[in-house]
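One structure is given here, and the rest of the page talks about it.
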Amino acid sequence: MTATNALTPARYADVIRLRAVRMVAPHGFGYLGQALSSAELFATLYTGHYDPGRDSLVVSPGHYIIAAFAAAPEAGLLDEEALASYGFDESALEAIGTERSPAVDLTCGSLGMGLSGAAGLALADRLQGRDGARVYAVLSDGELEEGQVWEAALFAAHRRLGMLTVMLDANDSQVDGPVSSITTLEPVAGKWESFGWAAFDVDGHDTLALDAALRAATADPRPAVVIARTSTTHGLTVLPDGADGHFITLPASLAEAALRELEARLA
Amino acid sequence: MLKQPYPTVMKPYGRALVDLARQRPEILCLSGDLSRQTEIDLFQEQFPERFIHAGMAEANMVSMAGALARRGFLPFVHTFGVFATRRPLDQIVNSVAYPNLPVRIVGFMPGLSSPGGPSHQAIEDVALMRAIPNMTVIDLADATQIRAALPSIAGVPGPVYLRLKRGEIPVIFDDAHEFSLTTAQALIDGDELAVIASGMMVSSAIGAAAALAAAGVSAGVVNVPVIKPLDAEAIRRTVSRVSAVITAENHSVIGGLGSAVAETIAEAGLGRPLRRIGLRDTFAEGARAAPPLFRKYRLGTQDIVDCAWELLRRPGPPPPVPAIVAAEGEYAPV
């Protein structure tokens with residue numbers, strides 16, 4: 001991954017944001033908030049942790065696939081030019097991840113299934129003797145409302161799947177509003193810990209904190225969760241107050257302002 | 001074919017799976033906490049490293065099985081039919097069927113074979129599984145068929161739902177029986193009526209055909225273990241030769257074998273009168289034993305005979321089905 005070495009994780013995160021704005025802009029709306037909240041998470045994961053040749057990547061919430069696509073060129077998983085087709089008819093880059101989605105090992109349009117898939121991949125690695133292979137699963141906090149996540153959490157801890165790391169984008173956003181207004185998930189870390197997981201609760205826009213958490217997660221013999229506290233509007237000041245983080249409306253004028261902001265920062 | 005009452009054997013599926021697993025190292029066995037009841041305690045004893053206890057967590061079990069299949073394993077997932085299909089339906093669709101992965105979902109205790117009430121009676125599992133693209137749906141009739149079918153089932157490239165009776169399994173077919181994934185099997189030829197049956201109702205259909213033959217009605221029996229993909233050609237061929245058709249399934253009449261046959265007849269424009277023996281869009285209830293439920297909900301051998309008699313407009317009362325007394329360790333259909 002020589003290409004990513006040229007980019008600091010913080011700068012890489014802004015590259016993800018810029019690409020996500022370009023991908024959403026032609027449609028006028030889309031899953032931009034997910035890319036904004038998880039940009040540092042993907043950037044840090046793809047810089048010195050996730051190795052596509054050795055590890056598996058699960059993006060459990062299918063609409064987060066935009067962030068995986070936007071991060072993929074530096075990891076050699078996708079040509080940057082392909083991103084322009086995102087969300088268009090007949091494109092392999094569908095807005096909600098499917099079986100044909102490139103750049104990931106597994107993604108799920110129906111929420112709550114990704115951790116089970118990740119546990120299955122980790123179990124397969126163990127049964128097939130792939131020592132050193134890790135499984136990274138990106139989950140969202142709203143998804144924790146699905147009971148299946150906790151079935152999988154119980155299973156992974158019981159089977160001591162220490163090669164499994166969950167990157168939890170805790171952006172407090174779901175379709176009907178803030179997750180915290182709909183279901184109380186706190187204490188999130190306490191829940192995972194009580195299930196037998198190592199939990200690291202960090203500022204999800206602080207790449208140094210994310211990097212340290214990922215290192216600690218890898219070193220811990222238990223399955224681990226990195227709880228990344230994030231915002232669906234982070235890194236884009238031009239977005240209006242009260243923008244719906246789950247599905248951001250991006251008219252042409254706003255898209256232009258967003259591109260200007262990000263291009264200026266990356267200049 | 002053997003004669004009623006049939007001898008029975010225990011755990012033919014469990015033994016067949018162990019034998020197959022010896023030749024197929026990629027087979028994994030997943031349990032949803034009903035290991036003895038689904039006969040896979042035998043697998044656990046033989047191959048503990050390939051046995052994955054998922055606990056009472058069907059959603060996780062099915063999604064995990066999908067991921068294991070992506071990595072070249074052949075996962076067989078086991079629980080009762082109700083829990084195998086109702087609980088993880090979205091997981092079966094998204095984690096297994098849509099990616100077209102070779103996961104085998106094995107659901108025991110079909111239809112009214114459980115006296116445990118609606119929570120334990122899988123009366124719509126075939127309908128649910130049949131509606132899912134890529135899914136193969138199989139309802140087996142006896143121990144011989146189970147042993148013959150398992151290697152073929154293991155070879156299906158996509159997902160399979162396999163429906164199996166629990167406990168003592170009758171031996172209806174002799175050792176020469178051949179299982180086919182693609183062709184339905186005429187067990188008895190008849191030129192007036194065709195009884196098309198699957199699973200536990202195959203033995204009832206055989207008994208009904210015998211009783212009808214004794215009363216001068218030429219009734220054929222077709223065994224349809226593979227409900228999807230249905231051998232539509234065999235259905236068309238059979239139906240075109242007779243004047244009336246009865247389907248018999250230990251399942252709701254909505255969405256299962258009866259529906260599949262009705263669709264085939266209608267699409268072929270054959271226009272034969274059809275009656276479907278099965279649960280008539282109702283839940284059953286708990287009971288002390290299963291046979292009274294088969295009688296109450298009219299899934300007995302006599303019910304097939306009565307239905308045939310009315311359908312063929314024969315005069316007088318239908319012939320009574322001779323009572324077959326099954327001794328301990330034997331099986332006769334209701």
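How many percent of the accessible area of chain A is carbon or sulfur, using a 1.4 Å probe? Write out the running numbers ahead of the final one.
Details: 5320 of 10070 Å².
Carbon-and-sulfur percentage of accessible area, whole number: 53.
Residues of the range A:113-140 that become at least 10 Å² less accessible with every protein chain present than in their own chain isolated, using 1.4 Å: which are they?
Output list: A:MET113, A:SER116, A:GLY117, A:GLY120, A:LEU121, A:LEU123, A:ALA124, A:LEU127, A:GLN128, A:ARG130.
For B:SER243, what residues show an amide H to amide H distance below 5 Å, using hydrogens built from the backbone and excluding near sequence neighbours?
Residues meeting the criterion, in which the H sits 1.01 Å from N, are B:LEU193.
Report the relative contact order of chain B, percent, no decimals, based on alpha-carbon pairs under 8 angstrom and at least 6 residues apart.
Working: 749 pairs, mean separation 61.0, N = 334.
RCO, chain B: 18 percent.
Can you pull the one-decimal nm distance between simple spin-label points at A:ILE182 and B:ARG295, each 7 Å off the Cα toward Cβ?
About 5.3 nm separates the two model spin labels.
Ignoring any ligand, DNA or RNA, what whole percent of the accessible area of the range B:185-322 comes from carbon and sulfur when the probe is 1.4 angstrom?
Carbon and sulfur atoms account for 54 percent of the accessible area of the range B:185-322.
Looking at this model, which pairs from B:LYS228/B:LYS296; B:LYS3/B:LYS296; B:LYS165/B:LYS228 are more than 22 angstrom apart at the alpha-carbon? Walk me through the intermediate numbers first.
Numbers: B:LYS228/B:LYS296 29 Å; B:LYS3/B:LYS296 25 Å; B:LYS165/B:LYS228 19 Å.
The answer is B:LYS228/B:LYS296; B:LYS3/B:LYS296.
Step through the residues of the range B:61-73 one at a time and calculate ³J(HN,Hα) from phi using the Karplus curve (6.51 cos²θ - 1.76 cosθ + 1.60, θ = phi - 60°), rounding each to whole Hz and writing x for Gly and Pro.
4, 6, 5, 5, 4, x, 5, 5, 5, 4, 9, x, 7
Highest GNM mean-square fluctuation, chain A, Cα pairs closer than 10 Å: which of A:VAL166, A:VAL15, A:VAL188?
A:VAL188
Using a Gaussian network model on chain A with a 10 Å cutoff between Cα atoms, which of A:ILE65, A:ILE16, A:ILE182 fluctuates the most?
Evaluated over chain A, the most mobile residue of the options is A:ILE182.
Using DSSP to define loop residues, name the GluC sites (Glu not before Pro) in the range B:162-223 whose beta-carbon has at most 12 other beta-carbon atoms within 10 Å. Could you put the intermediate results ahead of the total?
On the way: sites: B:GLU168, B:GLU178, B:GLU192; in loops: B:GLU178, B:GLU192.
Filter output for the range B:162-223: B:GLU178.
Averaged over peptide B:48-55, how many Cβ atoms belonging to another chain are found within 10 Å of each residue's Cβ? Write down the numbers at each step before the final one.
Values: counts 0, 1, 1, 0, 5, 3, 8, 4.
Taking the mean over all residues of the peptide, I get 3.
Amide H neighbours of B:GLY286 under 5 Å, at least 5 residues apart or on other chains, H built in the peptide plane: list them.
B:GLY117
Kyte-Doolittle cut-off -1.0, length cut-off 20 Å along the helix's own axis using Cα: show which whole DSSP H helices in chain A pass.
A:9-24, A:252-266
Once the other residues with Cβ under 15 Å from the Cβ of B:TRP309 are scored (Lys, Arg +1; Asp, Glu -1), what is the net sum?
Net charge in that neighbourhood comes out at 0.
Can you give me the long-range amide H partners of B:LEU28? Hydrogens built in the peptide plane at 1.01 Å from N, cutoff under 5 Å, separation of 5 or more residues or another chain.
Hits under the 5 Å cutoff: B:LEU74, B:PHE76.
Excluding ligands, DNA and RNA, what is the solvent-accessible area per residue of chain B at a probe of 1.4 Å, expressed in Å²? Walk me through the intermediate numbers first.
Values: 12450 Å² over 334 residues.
For chain B, the solvent-accessible area averages 37 Å² per residue.
Comparing A:GLU146, A:GLU256, A:GLU90, which has the greatest mean-square fluctuation in the GNM of chain A with Cα pairs linked when under 10 Å apart?
A:GLU90
Run the numbers on the range A:150-190: which residues show a drop of 40 Å² or more in accessible area, chain on its own versus all protein chains together, using a 1.4 Å probe over heavy atoms?
A:GLU151, A:PHE155, A:ARG159
What does the charge count near B:PHE83 come to, summing +1 for each Lys or Arg and -1 for each Asp or Glu among other residues with Cβ under 12 Å from its Cβ?
On the way: positive: B:ARG86, B:ARG87; negative: B:ASP33, B:GLU58, B:ASP125.
Here the charged neighbours net out to -1.
Report ³J(HN,Hα) in whole Hz for each residue of the range B:122-127, in order, from the Karplus equation J = 6.51 cos²θ - 1.76 cosθ + 1.60 where θ = phi - 60°; Gly and Pro get x.
7, 9, 10, 5, 5, 4
Tell me the mean residue ellipticity at 222 nm calculated for chain B from its helices only (DSSP H runs of n ≥ 4, each -39500 (n - 2.57), averaged over every residue, nearest 500).
Here the helix-only value at 222 nm equals -9500 deg cm²/dmol.
Go ahead and estimate [θ] at 222 nm for chain A from helices alone: -39,500 (n - 2.57) per DSSP H run with n ≥ 4, summed, over the residue count, rounded to 500. List each step's numbers first, then the result.
Values: 10 runs with 106 residues, N = 267.
Rounded to the nearest 500, the figure is -12000 deg cm²/dmol.
Assuming a ≥ b ≥ c are the square roots of the Cα gyration tensor eigenvalues, decide whether the range B:185-322 counts as rounded (a/c under 1.5), prolate (otherwise, with a/b larger than b/c) or oblate.
On the way: a/c = 1.69, a/b = 1.13, b/c = 1.50.
Oblate, because a/c is 1.5 or more while a/b does not exceed b/c.
Using a 1.4 Å probe and counting only protein heavy atoms, how much accessible surface gets buried when A and B come together, both sides summed, in Å² to the nearest 100? Walk me through the numbers before you get to the answer.
On the way: alone 10990 and 13380 Å², together 22520 Å².
Buried area between the two chains comes out at roughly 1800 Å².
³J(HN,Hα) across the range B:190-205 via Karplus (A = 6.51, B = -1.76, C = 1.60, θ = phi - 60°), whole Hz, x for Gly/Pro?
Once rounded to whole Hz, the list reads x, 10, 9, 9, 10, 9, 10, 9, 9, x, 5, 7, 5, 5, 5, 5.
Report, in debye and to the nearest 20, how large the dipole of the range B:176-334 comes out about its Cα centre when Lys and Arg carry +1 and Asp and Glu carry -1 on their Cβ. Intermediate results must be reported in sequence, preceding the final value.
Details: 14 positive and 16 negative charges, 80 e Å.
Dipole about the Cα centre, nearest 20: 380 debye.
Give me the percent of the accessible area of the range B:48-154 that comes from carbon and sulfur atoms, probe 1.4 Å, all protein chains in place. Write down the numbers at each step before the final one.
Values: 1600 of 2710 Å².
Whole-percent figure for carbon plus sulfur exposure: 59.
Between A:LEU77 and A:ARG54, what FRET efficiency comes out of the Förster formula 1/(1 + (r/R0)^6) with R0 = 22 Å and r the beta carbon distance, rounded to 0.05? Each step should come with its number before you reach the end.
On the way: r = 14 Å, r/R0 = 0.62.
Using R0 = 22 Å, I get an efficiency of 0.95.
Based on the alpha-carbon gyration tensor of the range B:7-170 and its eigenvalue square roots a ≥ b ≥ c, which shape applies: rounded if a/c is under 1.5, prolate if not and a/b is larger than b/c, or oblate? List each step's numbers first, then the result.
On the way: a/c = 1.36, a/b = 1.05, b/c = 1.30.
It is rounded, given that a/c, with a ≥ b ≥ c, falls under 1.5.
In nm, give the distance between the simple-model label positions of B:ALA176 and A:ALA212, each being 7 Å from the Cα along the Cα-to-Cβ direction.
7.9
The values are calculated or read from the model by the stated rules, or taken from the named source; none is laboratory data. From a predicted model like this one, the values you see are computed outputs, not experimental measurements. Reconstructed Cβ throughout: ideal geometry from the backbone, glycine too, with neighbour counts over all protein chains shown. With ligands, DNA and RNA removed, areas are computed over all heavy atoms of the protein, side chains included. Shrake-Rupley method; radii C 1.70, N 1.55, O 1.52, S 1.80 Å.
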